[in-house]
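Take a look at the structure below.
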Amino acid sequence: MTKFSDLALDPRVLQAITEAGYETPTPIQAQAIPHALQGRDVLGIAQTGTGKTASFTLPMITLLGQGRARARMPRSLVLAPTRELAAQVAENFDIYAKHTKLTKALLIGGVSFGEQDKLIDRGVDVLIATPGRLLDHFERGKLLLTGVQIMVVDEADRMLDMGFIPDIERIFQLTPFTRQTLFFSATMAPEIERITNTFLSNPAKIEVARQSTTSATIEQKLIQFQPTRKDRSFTEKRAVLRALIRGEGEACTNAIIFCNRKMDVDVVAKSLKSHGFNAAPIHGDLEQSQRMKTLDEFRDGTLHLLVASDVAARGLDIPAVSHVFNFDVPSHPEDYVHRIGRTGRAGRQGKAFTIAVPADDKYLGAIESLVKQSIPRGDLPEGLDLASEGSDRPREDRGGRGGERSGRGRGRDRGPREDRGPREDRAPREDRAPREERAPREDRAPRERREEVVVEAAPEPVMAEVPAPRREDRPRRDDRREGRDDRRDRYRDRDDRSGPPVVGMGDHVPDFILRSFKIAAPTADEGEDDSPANGTDG
């Protein structure tokens with residue numbers, strides 16, 4: 001049997017491995033490490049939980065033992081699809097490189113650029129990053145990839161699912177052509193195969209298990225049920241989940257519960273907490289500090305149930321997970337393999353339950369076709385009544401129709417119906433005659449209809465054409481001014497401002513309009529008439 005001491009690793013690395021308690025490498029480690037130490041490109045295909053992280057970290061530390069990093073030019077690069085997986089890779093480097101002087105930097109979202117820039121400026125031997133944050137630093141001019149000697153792509157199939165393939169291709173083009181590439185994936189989709197053919201040079205292909213197979217240490221069970229109503233499917237699935245967790249009892253030391261959508265993660269976690277379970281959510285919309293805190297609590301046993309989206313399905317190494325519950329059947333069959341791979345790790349036994357409704361049949365068919373086996377069926381937990389257990393509130397907290405909740409038509413200060421007297425014993429209202437003494441409807445006097453009052457808008461004043469007065473009839477300027485002042489004083493002191501209707505401009509006629517004009521004397525033929533005469537200003 002091969003041991004780590006047979007793999008020509010650096011003695012300082014072997015010392016760290018011994019202190020960590022490992023002696024025998026996994027199959028993918030035993031096959032990948034020798035090719036990596038020779039400087040060859042490696043294409044590793046293995047199911048999750050087989051130790052792929054150590055298969056590239058151990059040879060990298062050995063190969064980088066000689067040399068020194070320059071500022072902003074890392075010597076090696078590790079790409080991971082999620083922040084959690086990148087942080088986990090960084091933890092592995094801390095364990096295996098603690099006796100060396102190699103430096104590392106972790107570039108992930110949720111951390112300020114300033115702290116990461118300081119690490120890069122000092123120069124790092126190992127740069128661990130997610131694709132998006134790495135390109136952000138490069139576009140800001142804070143990072144150069146021309147000094148990369150070893151490049152690692154971890155969980156490449158997850159990169160494909162998350163849409164990182166264009167970013168991966170760009171990063172490959174930014175690194176030197178002479179680099180060594182270590183490429184690891186659980187499945188080999190056509191797009192992944194295209195990338196390996198383009199950017200890997202004569203790789204050593206290592207496949208330790210059939211693609212997309214589940215571990216033999218995991219006991220799988222499928223729980224199918226028919227919801228009582230279509231709109232209660234989500235509620236009753238939560239009741240089934242709670243019953244399954246209670247049914248496992250003390251055997252369920254901790255568990256990861258997977259949901260397809262982020263919003264469902266929050267709802268399921270809140271539902272479990274309301275029923276007394278120690279549960280917390282984790283998904284991509286949470287702050288990075290909150291996500292790391294939740295994972296740390298789950299690792300040290302403070303947290304019992306971790307409700308997660310697929311952000312936690314790939315690559316997370318939590319060895320002691322006893323159970324996995326698929327609250328939703330994954331829409332991508334590969335995700336099923338990675339989800340249940342969180343349990344039964346490192347030779348331990350694990351259980352994986354999947355809750356399904358009739359609408360999930362097409363997804364179940366794709367999963368069974370991928371894993372080349374039928375998932376064993378299981379029965380609903382004994383004593384589970386979906387009609388009564390389909391509420392998110394515990395049974396003792398549910399109020400009846402006559403309990404604390406008031407009815408739809410009842411007032412707030414009215415007591416329960418049973419505390420009120422019978423209808424026939426109640427005294428009639430004083431201001432209302434008994435029903436039998438009222439006059440029939442046809443004998444009652446009809447109500448007086450209110451007359452509709454139509455308010456007509458007042459007509460707009462019309463400018464009347466007033467003929468110009470004769471010269472001898474015109475009042476003098478002083479007389480006109482006195483008359484205007486008298487009218488102004490008369491209406492200023494009155495409370496009722498209605499007055500006579502105003503025609504034309506009223507009292508607000510400008511003075512220049514009321515100035516006198518010279519009128520030509522009429523001829524004998526014209527005579528005296530009332531037509532206005534033109535003249536000039538007098």
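The values are calculated or read from the model by the stated rules, or taken from the named source; none is laboratory data. No experiment lies behind these values; they were computed from the predicted model shown. So basically every Cβ, Gly included, is an ideal-geometry build from the backbone, and we count neighbours across all protein chains shown.
Within the range 150-194, can you find the residues that are closer than 17 Å to Phe56 by Cβ, out of contact with any helix residue (DSSP H, G or I) (no Cβ under 7 Å at 6 or more places or on another chain) and aliphatic (A, V, I, L, M)? Residue satisfying the conditions is Met151 alone. Is it the case, given these coordinates, that Leu102 is within 26 Å of Leu286 (Cβ to Cβ) and outside any helix (DSSP H, G or I)? No; evaluated as a whole, the condition is false for this residue. Consider Ile206 carefully, then state whether it is closer than 30 Å to Gly147 by Cα and in contact (Cβ under 8 Å) with a residue 12 or more places away in the chain. For Ile206, the condition - closer than 30 Å to Gly147 by Cα and in contact (Cβ under 8 Å) with a residue 12 or more places away in the chain - is met. When Asp296, Asp266 are checked against the criterion of being farther than 22 Å from Ala86 by Cα, assigned by TED's automatic domain parsing to the domain that holds Ala239, out of contact with any helix residue (DSSP H, G or I) (no Cβ under 6 Å at 6 or more places or on another chain) and not in a loop (DSSP other than H, G, I, E, B), a single residue qualifies: Asp266.
For the range 177-188, the condition of being among the hydrophobic types (A, V, I, L, M, F, W, C), within 27 Å of Lys351 (Cα to Cα), at pLDDT 90 or above and crowded, with 16+ Cβ neighbours inside 10 Å holds for at least one residue.
Can you tell me which residues in the range 272-292 are modelled with pLDDT of 90 or more and either over 19 Å from the mean Cα position of the chain (by Cα) or aliphatic (A, V, I, L, M) (or both)? Passing the criteria: Leu272, Lys273, Ser274, His275, Gly276, Phe277, Asn278, Ala279, Ala280, Ile282. Checked against the criterion of being more than 19 Å from Ala80 (Cβ to Cβ), at pLDDT 85 or above and either of a type in the set (Lys, Arg) or touching an Asp or Glu at 6+ places or on another chain (Cβ under 6 Å) (or both), the range 309-321 has no qualifying residue.
Listed by first and then second residue, the pairs with beta-carbon distance under 8 Å, at least 6 apart or on different chains, first residue in the range 139-158 and in a loop (DSSP other than H, G, I, E, B), second crowded, with 23+ Cβ neighbours inside 10 Å and of a type in the set (Lys, Arg), are Asp154/Lys52; Glu155/Arg314.
For every residue, the table says whether it meets (1) surrounded by 19 or more Cβ atoms within 10 Å (Cβ to Cβ); (2) more than 27 Å from Leu9 (Cβ to Cβ).
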{"residue": "Thr82", "(1), (2)": "yes, yes"}
{"residue": "Asp94", "(1), (2)": "no, no"}
{"residue": "Ala97", "(1), (2)": "yes, no"}
{"residue": "Leu102", "(1), (2)": "yes, no"}
{"residue": "Ala105", "(1), (2)": "yes, no"}
{"residue": "Val111", "(1), (2)": "no, yes"}
